[in-house]
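The values are calculated or read from the model by the stated rules, or taken from the named source; none is laboratory data. Fair warning: this is a prediction, and the values are worked out from it, not measured in the lab. For neighbour counting, all protein chains shown are included, and Cβ atoms are generated from backbone atoms with ideal geometry for every residue, glycine included.
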Protein chains: 2
Amino acid sequence: MVSWKGRRSQRGVPSIQWPRPASRAVPVNRVELGDFTPDLDVYLGQAAYLELSLFEGLGRAAESAPHVRAQRMTARVAGSTLDRHRGLLAEIERTGGDPTVSMEPHRHAVDEFRRRTEGADWHEAILASYVAAGLLNDVFVRLAAGLTADHRERIVRVLEAGDDEAAIVAELSTAIEDDPQLASRLALWGRRLVGDTLLVARAAISASHESADDERLEPVFTELVAAHTRRMDALGLTA
Amino acid sequence: MVSWKGRRSQRGVPSIQWPRPASRAVPVNRVELGDFTPDLDVYLGQAAYLELSLFEGLGRAAESAPHVRAQRMTARVAGSTLDRHRGLLAEIERTGGDPTVSMEPHRHAVDEFRRRTEGADWHEAILASYVAAGLLNDVFVRLAAGLTADHRERIVRVLEAGDDEAAIVAELSTAIEDDPQLASRLALWGRRLVGDTLLVARAAISASHESADDERLEPVFTELVAAHTRRMDALGLTA
């Protein structure tokens with residue numbers, strides 16, 4: 001199991017230490033993260049920069065797509081990722097914030113995450129998007145529980161818009177069927193991805209003022225890993 | 001001056017030969033390209049794939065942006081490029097076409113164009129987007145003159161939505177002021193870009209059944225180069 005004892009930084013800015021990844025767990029009842037919601041500006045800045053980063057990775061992935069159908073699917077996923085980014089920017093502006101200023105503190109950690117999860121080819125890059133977007137949107141939806149109703153409703157609507165998982169599963173599954181060796185490579189890659197993604201999730205949660213070394217968090221991570229396992233199962237891959 | 005004697009391929013699929021670039025011309029009255037409009041499916045497939053390619057290049061460019069403000073601007077331009085791509089895909093679907101099939105014939109030439117115009121850093125990549133999107137959207141708006149009114153109106157609305165030129169000019173101009181050496185490097189890069197972009201424009205025009213070795217085209221290219229010169233002027237760069 002990954003250790004969640006990440007170092008907390010001072011001003012609510014996530015700081016990440018990268019241990020070795022691991023995985024596998026059993027689903028339990030859904031746990032919300034309302035007690036761990038950071039300040040609205042920190043929440044929005046981090047979520048917006050993560051979507052921006054995922055979007056950029058998808059732009060790069062589209063370039064290496066094996067055929068136009070895959071390329072088009074990748075562009076579609078990039079589009080809904082960008083829509084989420086835009087929705088979060090609009091929310092920052094609605095609160096009177098400056099999106100550039102809000103996103104800036106998260107740049108270093110998220111860029112490092114992107115570098116680690118870039119992938120060697122289209123298959124790895126699209127799996128990275130599927131794993132990271134799935135898990136991180138789940139975290140931000142749970143963290144939204146601690147926002148005021150007004151913000152929460154708009155933000156959850158933004159985060160839950162444009163579900164591309166079925167399209168990714170269809171395209172990746174076909175690729176795996178065509179090349180059985182891909183399955184073991186992607187399963188391995190998936191384990192590294194979930195480790196790195198959970199660390200970003202952990203940083204998002206520990207950006208709150210609440211102590212995040214709390215044992216209340218354990219069931220949340222168990223659930224996040226269970227959801228990840230289901231996503232890998234959908235591809236016929238071992239998590 | 002660039003030679004426009006490109007080789008025409010058989011089935012309306014553009015084929016490009018890459019000579020050396022050149023530039024500079026004087027504006028004349030606006031010339032439309034209605035006589036040279038290719039079949040709707042060829043027109044839409046090529047325009048949609050070009051927007052997709054420009055979008056991918058911007059996703060990559062955003063990754064290398066020097067700061068979050070530039071990154072955000074790049075994402076914004078990527079967003080409106082992707083919106084144009086989506087709008088063109090919607091038009092393909094409206095005509096009962098399959099976007100993947102429509103775009104496929106244009107993949108090779110456009111991918112080659114992207115490879116040639118990728119740029120070594122953010123400044124070159126964003127200039128490439130500015131030059132290529134400016135010139136090619138201009139070409140496709142002119143070519144739209146030969147479509148039926150119904151298609152023309154919707155397509156021109158898609159192509160003319162989301163004007164990001166002012167934002168690009170503001171950001172690139174600041175970068176050039178901060179680093180005067182950038183001006184000569186980007187001016188040189190701009191000359192290569194316009195050569196390559198005009199070849200793509202030429203391919204789009206010669207995809208029509210009409211013979212495109214026509215002298216009627218000369219004023220069009222003169223205008224396209226004049227518009228390019230104005231775009232470079234806006235950056236304080238010699239075209």
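Data table
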| item | result |
| --- | --- |
| Options A:LEU188, A:LEU193: the member that is buried (at least 23 other Cβ atoms within 10 Å of the Cβ) and at pLDDT 90 or above | A:LEU193 |
| Selection from the stretch A:46-55 of residues that are within 10 Å of chain B (Cβ to nearest Cβ) and either touching a Leu at 6+ places or on another chain (Cβ under 7 Å) or among the small types (Gly, Ala, Ser) (or both) | A:ALA48, A:GLU51, A:SER53, A:PHE55 |
| All positions within the stretch A:90-107 that are of a type in the set (Ser, Thr, Tyr), more than 10 Å from chain B (Cβ to nearest Cβ) and surrounded by 18 or more Cβ atoms within 10 Å (Cβ to Cβ) | none |
| Scan of the stretch A:203-239 for residues that are touching a residue at least 24 places away in the same chain (Cβ under 8 Å) and among the hydroxyl-bearing types (Ser, Thr, Tyr), ordered by number | A:SER206, A:SER208, A:THR222, A:THR229, A:THR238 |
| Total residues in the stretch A:56-89, condition facing another protein chain (nearest Cβ under 7 Å), more than 10 Å from B:GLU56 (Cβ to Cβ), of a type outside the set (Asp, Glu) and in contact (Cβ under 8 Å) with a residue 40 or more places away in the chain | 2 |
| Criterion: more than 14 Å from the chain's Cα centre (by Cα), among the charged types (D, E, K, R) and within 29 Å of A:ARG107 (Cβ to Cβ) - qualifying residue of A:GLU210, A:GLU215 | A:GLU210 |
| Count - residues of the stretch A:196-237 that are surrounded by fewer than 16 Cβ atoms within 10 Å (Cβ to Cβ), part of a loop (DSSP other than H, G, I, E, B) and of a type outside the set (Asp, Glu) | 4 |
| Yes/no for B:GLU171 being closer than 17 Å to B:LEU186 by Cα, in contact with a helix residue (DSSP H, G or I) (Cβ under 9 Å, 6 or more places away or on another chain), within 14 Å of chain A (Cβ to nearest Cβ) and not in a helix (DSSP H, G or I) | no |
| Near pairs, Cβ below 6 angstrom, 6+ apart or cross-chain, from the stretch B:162-181 (under 19 Å from B:HIS228 (Cβ atoms) and at pLDDT below 95) to any residue that is among the polar types (S, T, N, Q) and surrounded by 16 or more Cβ atoms within 10 Å (Cβ to Cβ) | B:ASP164/B:SER80 |
| Positions within the stretch A:120-151 being of a type in the set (S, T, N, Q) and buried (at least 22 other Cβ atoms within 10 Å of the Cβ), in sequence order | A:SER129 |
| Residues (of a type in the set (Gly, Ala, Ser), buried (at least 18 other Cβ atoms within 10 Å of the Cβ) and assigned to a helix (DSSP H, G or I)) located in the stretch A:29-70 | A:GLY45, A:ALA47, A:ALA48, A:SER53, A:GLY57, A:GLY59, A:ALA61, A:ALA62, A:ALA70 |
| Identity of the residue in the stretch A:206-239, modelled with pLDDT under 85 and of a type in the set (D, E, K, R), that ends up farthest from A:ALA47 (Cα to Cα) | A:GLU215 |
| Flag for B:LEU136 being within 15 Å of the chain's Cα centre (by Cα), outside any loop (DSSP other than H, G, I, E, B) and touching a residue at least 40 places away in the same chain (Cβ under 8 Å) | yes |
| Qualifying residues in the stretch A:71-99 (those that are at pLDDT 95 or above, of a type in the set (Gly, Ala, Ser) and not in a loop (DSSP other than H, G, I, E, B)) - the one farthest from A:ARG154 (Cα to Cα) | A:ALA90 |
